[in-house]
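Participant: The structure under discussion is supplied below as structure tokens; questions concerning it will follow.
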Amino acid sequence: MTTIVLVRKNNEVVVAGDGQVSMGNTVVKSTASKVRKIEKRDVVAGFAGSTADALTLFERLEAKIEKHAGNLSRAAVELAKDWRTDKYLRRLEALMAIGDKENSYIISGTGDVLEPEGDVIGIGSGGNYALAAGKVLMGTDMSAEQVAKKSIEVASEICVFTNNNIKIEKI
């Protein structure tokens, strides 16, 4: 379980995540990094779910982005196809929130590539709390990074599977 929020505001794209890794009701690690940046292509991603599964999917996403010359939309669709149809991949349990300068998506193991309305995405156990906070904060003069950070902080006060050890990546 985790909380990831992706925010686009004022030509900035930020993904933030908490650092808590839980097994059942036990906190195993409080400083995990669940957000990544693909420097070469200016893509940020956050993942919720099983850590090993999410890292596998992130590597696959990176390969798809390279294969499709940085076209995030095409890479997202191709990853979702593989995830849904590949015998090994379809057992992976994770969600991804990804974004570049133009697009933001949620990718799921059921083959969904969703382009949510608005400029805030929330996934994971505290995703809806972070999403609600982010939507409210978008109307302020806070930067995208400040909105993302505060959204995770709000979620960490409500969701027991979320902490306030926040990692941020931005483009």
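Participant: Among the listed residues SER125, SER151, which satisfies the condition of being under 18 Å from GLU169 (Cβ atoms) and in contact with a Phe, Trp or Tyr (Cβ under 9 Å, 6 or more places away or on another chain)?
Facilitator: SER151
Participant: Which one of these is touching a strand residue (DSSP E or B) at 6+ places or on another chain (Cβ under 6 Å), not in a loop (DSSP other than H, G, I, E, B) and not hydrophobic (A, V, I, L, M, F, W, C): TYR105, TYR129?
Facilitator: TYR105
Participant: Which residues, taken from segment 39-57, are within 14 Å of the chain's Cα centre (by Cα) and within 21 Å of VAL120 (Cβ to Cβ)?
Facilitator: Those that are within 14 Å of the chain's Cα centre (by Cα) and within 21 Å of VAL120 (Cβ to Cβ): VAL43, VAL44, ALA45, GLY46, PHE47, ALA48, GLY49, ALA54.
Participant: Further question: If the Cβ limit is 6 Å and pairs must be 6+ apart or interchain, which residue in segment 33-45 that is on the phi < 0 side of the Ramachandran plot pairs with which residue that is among the polar types (S, T, N, Q)?
Facilitator: LYS34/THR2
Participant: Answer yes if at least one residue in segment 79-95 is hydrophobic (A, V, I, L, M, F, W, C), under 22 Å from ALA133 (Cβ atoms) and either in contact with a strand residue (DSSP E or B) (Cβ under 6 Å, 6 or more places away or on another chain) or outside any strand (DSSP E or B) (or both), and no otherwise.
Facilitator: Yes, there is a match, as at least one residue in segment 79-95 is hydrophobic (A, V, I, L, M, F, W, C), under 22 Å from ALA133 (Cβ atoms) and either in contact with a strand residue (DSSP E or B) (Cβ under 6 Å, 6 or more places away or on another chain) or outside any strand (DSSP E or B) (or both).
Participant: Further question on the same structure: For the subset of segment 15-38 comprising residues that are part of a strand (DSSP E or B) and under 10 Å from the mean Cα position of the chain (by Cα), which member is surrounded by the fewest Cβ atoms within 10 Å (Cβ to Cβ)?
Facilitator: Among those that are part of a strand (DSSP E or B) and under 10 Å from the mean Cα position of the chain (by Cα), it is ARG36.
Participant: In segment 138-152, is there at least one residue being touching a Ser or Thr at 6+ places or on another chain (Cβ under 8 Å) and either crowded, with 22+ Cβ neighbours inside 10 Å or in a helix (DSSP H, G or I) (or both)?
Facilitator: Yes.
Each value in this text was obtained by applying a stated rule to the coordinates, not by laboratory testing. Computed from a predicted model, the values in this text were never measured in an experiment. For neighbour counting, all protein chains shown are included, and Cβ atoms are generated from backbone atoms with ideal geometry for every residue, glycine included.
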